[in-house]
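Q: Below you will find the structure I want to go over with you.
The values are calculated or read from the model by the stated rules, or taken from the named source; none is laboratory data. All of these numbers come straight from a predicted model, not from anything done at the bench. In this analysis, Cβ positions are derived from the backbone assuming ideal geometry, glycine residues included, and neighbour counts consider all displayed protein chains. With ligands, DNA and RNA removed, areas are computed over all heavy atoms of the protein, side chains included. Shrake-Rupley method; radii C 1.70, N 1.55, O 1.52, S 1.80 Å.
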Amino acid sequence: EDLPPYWEDYKTHRDKEIIHESIYDAQIWFARQKIGIIRGAAGLDEQCNKIIPDTRGSGFYFVDRTLHEDFYVFAEGMRNLFPEGKYQAYLDEVKASLEVLPHPDLVIRLRVKNPAVSKARAENRGYGEHHPLSRYHKMAEDYSEHIDTWIKGLGVPVIDIRTDYPHFDFNTPNGQKYFLAEFFSGLREFGFWKLDYDVLPAKMLLNNHSNGR
């Protein structure tokens with residue numbers, strides 16, 4: 001999706017820790033986008049919680065990140081930057097969705113145990129993020145307290161992949177092979193996948209987003 005028109009204001013005021021309307025606007029925008037993505041991946045109608053006929057065909061459908069991250073980690077970390085009353089408005093709207101959105105059938109947990117790695121990656125994304133290392137330590141604590149607890153409570157299979165090893169880099173063939181090996185090993189362990197991924201064409205594995213599978 002296109003970024004909201006107040007994205008530049010959001011970056012500026014977030015980095016300078018100045019209370020600003022764009023903090024609320026951006027966070028509620030993120031949340032609403034994610035709610036729509038999760039509902040769509042579950043095949044839910046936009047207007048109600050009924051399953052609509054699925055015309056997408058068979059395959060895996062992935063949702064990048066969770067609404068719980070936005071709610072418990074990112075918005076919580078900026079709650080003091082919301083204008084008066086706006087943080088509570090954010091909580092009221094998003095928490096209601098947290099309680100009714102369908103759960104995933106499988107979780108792929110990309111784990112980084114070194115907060116310094118998270119900080120370096122965030123700053124390399126080009127979004128203008130410059131937070132002290134202490135913020136990333138706090139985020140790691142929030143993930144452990146809220147996200148890992150939520151995942152454990154789902155009672156679904158979890159593929160846990162460490163992504164802070166030196167050899168992990170999506171931009172290199174070795175990094176891609178490491179990720180795919182861990183991913184398909186997890187799928188086979190939980191009975192989601194029966195084939196050895198090595199028998200599949202690399203092009204099919206790495207460029208299969210066009211057909212949604």
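Q: Find the residue count for the range 95-121, including only residues that are assigned to a helix (DSSP H, G or I) and in contact (Cβ under 8 Å) with a residue 12 or more places away in the chain.
A: Total satisfying the criteria: 8.
Q: Identify the residue in the range 148-184 that is hydroxyl-bearing (Ser, Thr, Tyr) and either closer than 19 Å to Arg121 by Cα or surrounded by 14 or more Cβ atoms within 10 Å (Cβ to Cβ) (or both) and, among all such residues, is farthest from the chain's Cα centre (by Cα). Can you show your working first?
A: Filtering the range 148-184 down to residues hydroxyl-bearing (Ser, Thr, Tyr) leaves 149, 163, 165, 172, 178.
Adding the requirement that they be either closer than 19 Å to Arg121 by Cα or surrounded by 14 or more Cβ atoms within 10 Å (Cβ to Cβ) (or both) leaves 163, 165, 172, 178.
Numbers: Thr163: 15, Tyr165: 20, Thr172: 22, Tyr178: 20 Å.
Only one residue tops the list, namely Thr172.
Q: Show the residue pairs meeting these rules: Cβ distance below 9 Å; 6+ apart or different chains; first residue within the range 9-24 and under 16 Å from Glu76 (Cβ atoms) and of a type in the set (Ser, Thr, Tyr); second residue in a helix (DSSP H, G or I) and open to solvent by 30 Å² or more (accessible area, probe 1.4 Å).
A: Tyr24/Lys86; Tyr24/Ala89
Q: Additional query: Evaluate the following for Ala140: is it open to solvent by 40 Å² or more (accessible area, probe 1.4 Å), assigned to a helix (DSSP H, G or I), over 30 Å from Leu44 (Cα atoms) and at pLDDT 90 or above?
A: Values: open to solvent by 40 Å² or more (accessible area, probe 1.4 Å): yes; assigned to a helix (DSSP H, G or I): yes; over 30 Å from Leu44 (Cα atoms): yes; at pLDDT 90 or above: yes.
Judged against the criteria, Ala140 is a match.
Q: Restricting attention to the range 185-199, and to residues there that are at pLDDT below 75 and within 30 Å of Gly155 (Cβ to Cβ), which single residue is surrounded by the most Cβ atoms within 10 Å (Cβ to Cβ)? Show your work before the answer.
A: Start the filter on the range 185-199 by keeping residues that are at pLDDT below 75, which leaves 193-199.
The next check asks that each one be within 30 Å of Gly155 (Cβ to Cβ); those that pass are 193-197.
Details: Trp193: 15, Lys194: 7, Leu195: 10, Asp196: 10, Tyr197: 17.
Per the criteria, the residue is Tyr197.
Q: May I pose another question? Where the second residue is open to solvent by 40 Å² or more (accessible area, probe 1.4 Å) and the first is among the hydrophobic types (A, V, I, L, M, F, W, C) and lies in the range 141-152, which pairs have Cβ atoms under 7 Å and are six or more apart or on separate chains?
A: From residues that are among the hydrophobic types (A, V, I, L, M, F, W, C), the pairs are Ile147/Tyr72; Ile151/Val158.
Q: Considering the range 56-88 alone, what residues qualify as being in a helix (DSSP H, G or I) and farther than 23 Å from Asp15 by Cβ? Outline the logic, then answer.
A: Narrowing the range 56-88 to residues in a helix (DSSP H, G or I): 67-77, 79-81, 86-88.
Within the range 56-88, Leu67, His68, Gln88 qualify.
Q: Then there's this: Of everything in the range 1-31 that's basic (Lys, Arg) and within 22 Å of the chain's Cα centre (by Cα), which residue is farthest from Ala89 (Cα to Cα)?
A: The first filter runs over the range 1-31 and keeps only residues basic (Lys, Arg), leaving 11, 14, 16.
After this cut, where a residue has to be within 22 Å of the chain's Cα centre (by Cα) as well, the list is 11, 14.
Working: Lys11: 21, Arg14: 19 Å.
Out of the qualifying residues, it is Lys11.
Q: Something else about it: Quickly run through the range 122-135 and pick out the residues that are over 16 Å from the mean Cα position of the chain (by Cα) and part of a helix (DSSP H, G or I).
A: Within the range 122-135, Glu123, Asn124, Leu133, Ser134, Arg135 meet the criteria.
Yes or no, residue by residue, for (1) out of contact with any His (no Cβ under 9 Å at 6 or more places or on another chain); (2) open to solvent by 40 Å² or more (accessible area, probe 1.4 Å); (3) part of a helix (DSSP H, G or I); (4) over 26 Å from Glu99 (Cα atoms):
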{"residue": "Pro5", "(1), (2), (3), (4)": "yes, yes, no, yes"}
{"residue": "Tyr10", "(1), (2), (3), (4)": "no, no, yes, yes"}
{"residue": "Asp15", "(1), (2), (3), (4)": "no, yes, yes, yes"}
{"residue": "Ile18", "(1), (2), (3), (4)": "yes, yes, no, yes"}
{"residue": "Ile23", "(1), (2), (3), (4)": "no, no, yes, no"}
{"residue": "Ala26", "(1), (2), (3), (4)": "yes, no, yes, no"}
{"residue": "Phe30", "(1), (2), (3), (4)": "yes, yes, yes, no"}
{"residue": "Lys34", "(1), (2), (3), (4)": "yes, no, yes, no"}
{"residue": "Ile37", "(1), (2), (3), (4)": "yes, yes, yes, no"}
